Amino acid sequence: QVQLVESGGGLVQAGGSLRLSCAASGRTFSNYAMGWFRQAPGKEREFVAGVNWSGGSTYYKDSVKARFTISRDHAKNTVYLQMNSLKPEDTAVYYCAVSRFVYPTTEVGTYDYWGQGTQVTVSS
């Protein structure tokens, strides 16, 4: 059974940092892109960051560029999201997901496996 388990969320003041982790089990995803999405109350789930199958190419939502960094560790079957200079508008439930492609897209429908989500709350 495939499982993605996120961790690392929490409450942080504006300007602070958090590191999210997403550990996959049940199969290896080294041949597929992975992504982080977020969903704030009353809003649609949106793409935040993605990494290609090798980890050599990364992609970001414009508003998080230069603040967030996505990376993956094939040996641990884990993807990370380092979030710095957090802002109140970053508050959301963050989800990791596995793409059906080798390069990530911004479309929710192109991801086949999802974690349960982890809450990130940034206070002003």
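The values are calculated or read from the model by the stated rules, or taken from the named source; none is laboratory data. If you're wondering where the values come from, they're calculated on a predicted model, not measured in any experiment. Every residue, glycine as well, gets a Cβ built from its backbone with ideal geometry; the counts of neighbours run over all protein chains shown. Note: accessible area is taken over every heavy atom of the protein model, side chains too, but ligands, DNA and RNA are not part of it. Shrake-Rupley method; radii C 1.70, N 1.55, O 1.52, S 1.80 Å.
Results for (1) aliphatic (A, V, I, L, M); (2) assigned to a strand (DSSP E or B); (3) touching a Ser or Thr at 6+ places or on another chain (Cβ under 8 Å); (4) at pLDDT 95 or above, shown as yes or no for each residue.
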site: Val5; (1), (2), (3), (4): yes, yes, yes, yes
site: Val12; (1), (2), (3), (4): yes, yes, yes, yes
site: Gly15; (1), (2), (3), (4): no, no, yes, yes
site: Leu20; (1), (2), (3), (4): yes, yes, yes, yes
site: Phe29; (1), (2), (3), (4): no, no, no, no
site: Gly35; (1), (2), (3), (4): no, yes, yes, yes
site: Lys43; (1), (2), (3), (4): no, no, no, yes
site: Val48; (1), (2), (3), (4): yes, yes, no, yes
site: Gly56; (1), (2), (3), (4): no, no, no, yes
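Selection of the stretch 89-109 for residues being more than 14 Å from Val2 (Cα to Cα), under 15 Å from the mean Cα position of the chain (by Cα) and not hydrophobic (A, V, I, L, M, F, W, C) yields Asp90, Thr91, Tyr94, Tyr95, Tyr103, Pro104, Thr105, Thr106, Glu107.
Take the conditions (1) in contact with a Lys or Arg (Cβ under 9 Å, 6 or more places away or on another chain); (2) surrounded by fewer than 16 Cβ atoms within 10 Å (Cβ to Cβ); Lys43 misses just one of them, which is (1).
Phe68 meets each of the listed conditions (1) within 11 Å of the chain's Cα centre (by Cα); (2) open to solvent by 60 Å² or more (accessible area, probe 1.4 Å) apart from (2).
Residues in the stretch 8-23 that are open to solvent by less than 50 Å² (accessible area, probe 1.4 Å), out of contact with any Phe, Trp or Tyr (no Cβ under 8 Å at 6 or more places or on another chain) and among the aliphatic types (A, V, I, L, M): Val12, Leu18, Ala23.
Quick check, is Phe37 without any contact (Cβ under 8 Å) to a residue 40 or more places away in the chain, open to solvent by less than 70 Å² (accessible area, probe 1.4 Å) and of a type in the set (Phe, Trp, Tyr)? In short, no. What residue, among those in the stretch 63-97 that are among the hydroxyl-bearing types (Ser, Thr, Tyr) and not in a strand (DSSP E or B), is nearest to Lys43 (Cα to Cα)? Only one residue fits best here, namely Thr91. Is it fair to say Val79 is at pLDDT 95 or above and touching a Cys at 6+ places or on another chain (Cβ under 9 Å)? So Val79 fits the description; yes.
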